[in-house]
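Please treat every number below as a calculation from the coordinates, not as lab data. Small disclaimer: the values here were computed from a predicted structure and weren't measured. Cβ: placed from backbone, ideal geometry, glycine included. Neighbour counts: every protein chain shown.
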Amino acid sequence: TAGIDQAQEAARGTGLEVIPGIEINTDWEETEVHLLGYYIEYNSQSLQNTL
């Protein structure tokens, strides 16, 4: 989540939208799984503690 604030600031006035997101990779039954989360509450202390 580091850098989201900076990316949003850099995009301001450009017509680009920065979508706060996260990707968590794991393996499940011999399969690689990528969990994607969009529009997350990236400033959440609970999320930061978990990461």
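Would you kindly compute the Cα radius of gyration of the range 4-50 and its largest Cα-Cα separation (Dmax), both in Å?
14.2, 45
Pick out, in residue order, every one of the GluC sites (Glu not before Pro) in the chain that is DSSP loop and has at most 16 other C-beta atoms within 10 Å; say none if there are none.
On the way: sites: 9, 17, 23, 29, 30, 32, 41; in loops: 17, 29, 30, 41.
In loop regions of the chain (DSSP not H, G, I, E or B), the sparsely surrounded GluC sites (Glu not before Pro) are 17, 29, 30, 41.
Pairs of Cα atoms under 8 Å, at least six residues apart: use those to get the relative contact order of the range 4-50, whole percent. Show your work: numbers first, answer last.
Values: 41 pairs, mean separation 13.1, N = 47.
Result for the range 4-50 is 28 percent.
May I ask you to list the residues of the range 36-51 whose amide nitrogen lies under 19 Å from a point 7 Å from Cα along the Cα→beta-carbon direction of residue 12?
So the set is 42-43.
Can you work out ³J(HN,Hα) from phi for every residue in the range 42-49, in order, using Karplus 6.51 cos²θ - 1.76 cosθ + 1.60 and θ = phi - 60°, giving whole Hz and x for Gly and Pro?
Karplus values, whole Hz, x for Gly and Pro: 5, 8, 4, 5, 4, 5, 4, 5.
Excluding residue 47 itself, what net charge comes from residues whose Cβ is under 15 Å from its Cβ, given Lys and Arg +1 and Asp and Glu -1?
Numbers: positive: none; negative: 5, 23, 41.
It works out to a net charge of -3.
Once phi is turned into ³J(HN,Hα) by the Karplus curve 6.51 cos²θ - 1.76 cosθ + 1.60 with θ = phi - 60°, what whole-Hz value does each residue of the range 2-15 show in order, with x for glycine and proline?
5, x, 5, 4, 5, 5, 5, 5, 5, 7, 3, x, 9, x
Helix-only mean residue ellipticity at 222 nm, the chain, DSSP H runs n ≥ 4 weighted -39,500 (n - 2.57), per residue, nearest 500. What is it? Display every interim value, and only then the final one.
On the way: 2 runs with 14 residues, N = 51.
Mean residue ellipticity at 222 nm (helix-derived): -7000 deg cm²/dmol.
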